[in-house]
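Following: one structure in structure tokens, then a few remarks.
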Amino acid sequence: MSNSIFQHKQTAHCESGVISNLLGHQGLQISEPMAFGIGAGIFFGHLPFVKVNGVPGTTYRIWPGAIFQRVCKRLGVKMESEKFSTPEKGMLALDKAVAAGIPVGLQSSVYYLPYFPPSYRFHFNAHNLVVYGKQENQYLVSDPVMDTVTTIDPESLSQARFAKGFPAPKGKMYYPVHVPAKVSLEKPIQEGIAQACHFMLKVPLPMFGVKGIRFLAKRVANYATNPGDRKATLYLGNIIRMQEEIGTGGAGFRFLYAAFLQEASVVLKNDQLSKLAGELTQTGDLWRNFAFAAGRVCKSRSASDVSYKELSEMLMTCAASEEAFFRKLAQVKF
Amino acid sequence: MKKEEVPQDSDNLHEGTFKQIMYAVDNSGNYVQVQSAGWEPENIALDQAWEEVNEKVKAARARVAAGEISPVAYYMEKNLMDLALLANYVGKFQWQVKRHMKPGVFKKLSPKMLQRYADAFKVSVTELVQVK
């Protein structure tokens, strides 16, 4: 265990950022894109039946916690992870860890984090942050999506850690107990890429992967009649937010994954990967064009059938581009 | 996205202080981290989500004043909760919380139950009972 001061690095996404920061503290330097890629974080899913505040869910990433598990498994990192039955027990365990000088990762709700701008505080329970100390009854926080370190009062932190709803964090606290002194990244990278291709191309359900993008495209085409104008703009707004809000790196994690491929091509000395990174950058730009067009529809508040059809076609183009990209990525020989 | 194209559409929603990280390519084609002050489509979407919330809160406040619903319904909207989440916080079934949204039922709630709602909404019992 090292007792050096915790190095805060701002990252695009909370989960891969916490992994990168926590492991870096233990001497294992691994960048955020690398963590995201090894954890096969890139994904797509559209779930019209799972509604959050009456709006269907869309995701551009794998489910929360998955990146973490995969990175630890592939790099041979052992994590201690605990959940608690009561806030008292959870805060006591945190105090103990902090007193022992161990920076810990915490799952929390965004709604109860006072250091976020109020406009971002929705009931989102799968945020990750690091607590690395306590001073004058304030916890020292390294939140990976924040510019600098910050502090939080015990009451707010307790509320954030024990927020109710789905997924309930139940005070989840985790920290590495064993980090290998030397890791080889070759195999973890290859496994991560293979898994990402599998999830994007081969999940046999219409809502996920490249199929999921087409599924969404077909629904968007009919947004004018179902769910109708007013709700449709809310639905579109949610798609944009999932794609562009803090923690996505823009373009729904596509640029983040491209950055990973670029890094991977250096590690594996494979030029094909860096070429593919360039292709994914273009796909990311297609997503941005879509967000821009969708934003305009949101702003105008009412849209003709034609504009929904156009948005739908843009999504189809994204789908085609991603399919071509992942098929090539799956073929890369290492 | 090129480094120079990283959007800097600042917006009062970000309160000018909050900058997020984006990955973009520099002139030699390498990915680098760049701070972004926000992007217009995201600002629109976020604005819109809050407008929706504010409208619901306003409507609920009017209905409380008209005696149609109890403050529980108003504070639920104000705290961006839905029925399931609120029920979870106060440890009741959804149908029970729904009943508590009737002004007549709300009036007869025990001090203990009122306290539980007040805790869930982070307000005092006095504030809970008297919606401003």
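Here, each number is a calculation from the coordinates, and none is a lab measurement. Computed from a prediction, not measured in an experiment: that's the story for all the values here. In this analysis, Cβ positions are derived from the backbone assuming ideal geometry, glycine residues included, and neighbour counts consider all displayed protein chains.
What you get for chain A, charging only the Cβ of Lys and Arg (+1) and of Asp and Glu (-1), is a dipole of about 860 debye around the Cα centre. Shown for A:T233, A:T225: other C-beta atoms within 10 Å of each C-beta, ranked fewest to most, produce the order A:T225, A:T233. Taken over the stretch B:42-129, the convex hull of the Cα atoms encloses 93 Å³ per residue.
For the residues A:L273, A:L106, A:L205, a GNM of chain A with alpha-carbon springs under 10 Å puts the largest fluctuation on A:L205. Using the Cβ-Cβ distance between A:E313 and A:E186 with R0 set to 56 Å, the FRET efficiency from 1/(1 + (r/R0)^6) comes to roughly 0.90.
Backbone amide hydrogens, once placed in the peptide plane, bring A:F44 within less than 5 Å of A:G209, excluding anything fewer than 5 places away on its chain. Phi-derived couplings, Karplus 6.51 cos²θ - 1.76 cosθ + 1.60 at θ = phi - 60°, listed residue by residue for the stretch A:81-95: 9, 10, 10, 10, 7, 9, x, 4, 4, x, 6, 5, 4, 5, 4 Hz, with x used for Gly and Pro. Think of chain A as having a plus end and a minus end, set by charges on the Cβ of Lys, Arg, Asp and Glu; of A:V210, A:Y60, A:S31, A:V210 sits farthest toward the positive end of this dipole. Diffusion of the stretch A:186-330 by Stokes-Einstein, at 10 °C in a medium of 1.306 mPa s and with Rh set to the Kirkwood radius over alpha-carbon pairs, works out to 99 µm²/s.
Kirkwood radius for the stretch A:269-334, taken over all pairs of different Cα atoms as the inverse mean of 1/r, rounds to 13.4 Å.
To make sure I understand the rule: partners must be lysines, Cα under 16 Å from the Cα of A:K309, and not fewer than 8 residues away in the same chain. Which ones qualify? Result set, ordered by chain and number: A:K218.
Computed per residue of chain A from DSSP H runs no shorter than four, each worth -39500 (n - 2.57), the mean residue ellipticity at 222 nm is -16500 deg cm²/dmol. Around the amide H of A:G57, modelled in the peptide plane, lie the amide H atoms of A:L47, A:V50, A:V52, all under 5 Å away and 5 or more residues distant in sequence or on another chain. With θ taken as phi - 60° and the Karplus curve 6.51 cos²θ - 1.76 cosθ + 1.60 applied, the whole-hertz 3J(HN,Hα) list for the stretch A:37-45 is x, 5, x, 6, x, 6, 6, 8, x Hz, x standing for glycine and proline.
Straight-distance candidates among the lysines for linking to A:K89, with alpha-carbon spacing under 20 Å and chain neighbours fewer than 8 residues away dropped: A:K134, A:K164, A:K170, A:K172. What the phi angles of the stretch B:76-87 give under the Karplus curve with 6.51, -1.76 and 1.60, with θ = phi - 60°, is a coupling list of 4, 5, 4, 8, 6, 9, 10, 4, 4, 5, 4, 4 Hz, glycine and proline written as x. In this simple spin-label approximation, B:E55 and A:V50 carry label points 7 Å from Cα along the Cα→Cβ vector, and these lie 2.7 nm apart. Across q = 0.08, 0.09, 0.12 Å⁻¹, chain A modelled as identical point scatterers on its alpha-carbon atoms has Debye log10 I(q)/I(0) values of -0.39, -0.50, -0.86, in the order of the q list. Against the empirical 2.2 N^0.38 Å (N residues), the stretch A:12-106 has a Cα radius of gyration ratio of 1.29.
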